[in-house]
């Protein structure tokens, strides 16, 4: 880069931070500066991309490679594939320099704050519910919830607020819940099955369902691919194309053995032409 050439898969680091970018290119409009190009396997611009690019710019600047332009590339989902990829129409090129510049000061402050936080020997107390979309999604409960690591309390159906309330009361498992008055019918059913060890079966719902069945019955399962780079002509990026299915047919009654039909793509011919 110091020689004035562009770099693909560029990696830069400082004493504290490191980053990797798809491309860092010389910006001919401003001598001695560079263009940061970030590629995303996405069909649209997302706000979180700006935060990521702002951090990459921050590290590059700190490394002695000033960034004067930031470009985001993402996939044009309307690109019509006809056997060849034309890069100019396959990608959407968006100049995000202004948006990234606005995030510069905030990004620098957050980066140093997080570094200082992670450098501590003892991490401060925190609660995952304020950071994760749901406590059950926490990947590090032994860190975020220590010393009171929960059991299955956060698996309560549709019960983020309720499970947090139980957790704060010192109840870490569904089997230990005694007062269920404020809970929904489904939540009460879930707790009851765990406490009793007996499965809950709603026979009425099953009977109503079976009474509505009309023969023949078809059980169809299929899978599709939706690659960002199309495989078959006359398709688009991220378009779902089925490549296998299994079909099971019961003609007259449930005691019959089902007829089975299968298909799996051979990887050569477009499966849409066959079915």
Between 79, 243, 166, find the one with the highest GNM mean-square fluctuation for the chain; connect C-alpha pairs within less than 10 Å.
166
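Suppose a student asked you for the relative contact order of the stretch 128-196, using Cα pairs under 8 Å spaced at least 6 residues apart; what percent would you report?
Values: 55 pairs, mean separation 17.6, N = 69.
Relative contact order for the stretch 128-196 comes out at 25 percent.
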Using only the alpha-carbon atoms of the stretch 40-83 as identical scatterers, what base-10 log of I(q)/I(0) does the Debye formula give at q = 0.32 Å⁻¹?
-1.13
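List the relative contact order of the stretch 206-273 as a percent without decimals, with contacts defined as Cα pairs under 8 Å and 6+ residues apart.
Values: 97 pairs, mean separation 19.8, N = 68.
Across the stretch 206-273, relative contact order equals 29 percent.
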For the chain, with a Gaussian network of springs between Cα atoms less than 10 Å apart, report the residue from 238, 206, 90 with the top mean-square fluctuation.
206
Order of 16, 103 from fewest to most other C-beta atoms within 10 Å?
16, 103
How far is helix 104-118 tilted off the main Cα axis of the chain, in degrees rounded to 10, range 0 to 90?
70 degrees
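What's the extension gain from residue 110 to residue 269 if we count 0.36 nm per residue and subtract their Cα-Cα distance? Could you put the intermediate results ahead of the total?
Working: separation 159, 0.36 × 159 = 57.24 nm, distance 5.15 nm.
So the chain would gain 52.1 nm between residue 110 and residue 269.
Rounded to the nearest 0.05, what FRET efficiency is calculated for residue 252 and residue 225 with R0 set to 30 Å and r the Cβ-Cβ distance? Mind dumping the intermediate values first?
Values: r = 36 Å, r/R0 = 1.20.
According to the calculation, E is roughly 0.25.
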Estimated FRET transfer efficiency (residue 181, residue 158; beta-carbon r; R0 25 Å; 0.05)
0.90
What whole number of Å gives the distance from the Cα centroid of the stretch 157-220 to the Cα centroid of the stretch 37-93?
45 Å
Counting pairwise Cα distances across the stretch 76-115, what percent come out greater than 17 angstrom?
56 percent
When a/c reaches 1.5 or more, the comparison of a/b and b/c decides; with that in mind, is the chain rounded, prolate or oblate per its Cα gyration tensor?
oblate
Any idea what angle helix 203-212 forms with the longest principal axis of the chain, computed on alpha-carbon atoms, 0 to 90 degrees, nearest 10?
90 degrees
Restricting to Cα pairs below 8 Å that are 6+ residues apart, what does the relative contact order work out to for the chain? Please round to a whole percent.
12 percent
When the chain is modelled as a GNM with alpha-carbon springs shorter than 10 Å, which of 144, 93, 70 fluctuates the most?
144
Summing -39500 (n - 2.57) over every DSSP H run of at least 4 in the chain, dividing by its residue total and rounding to the nearest 500, the 222 nm mean residue ellipticity is -8000 deg cm²/dmol
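Bear in mind that the values in this text are calculations on the coordinates, not laboratory data. All values derive from a computational prediction rather than experimental measurement. Because the Cβ atoms are built from the backbone with ideal geometry, glycine has one as well, and the counts that use them run over all protein chains shown.
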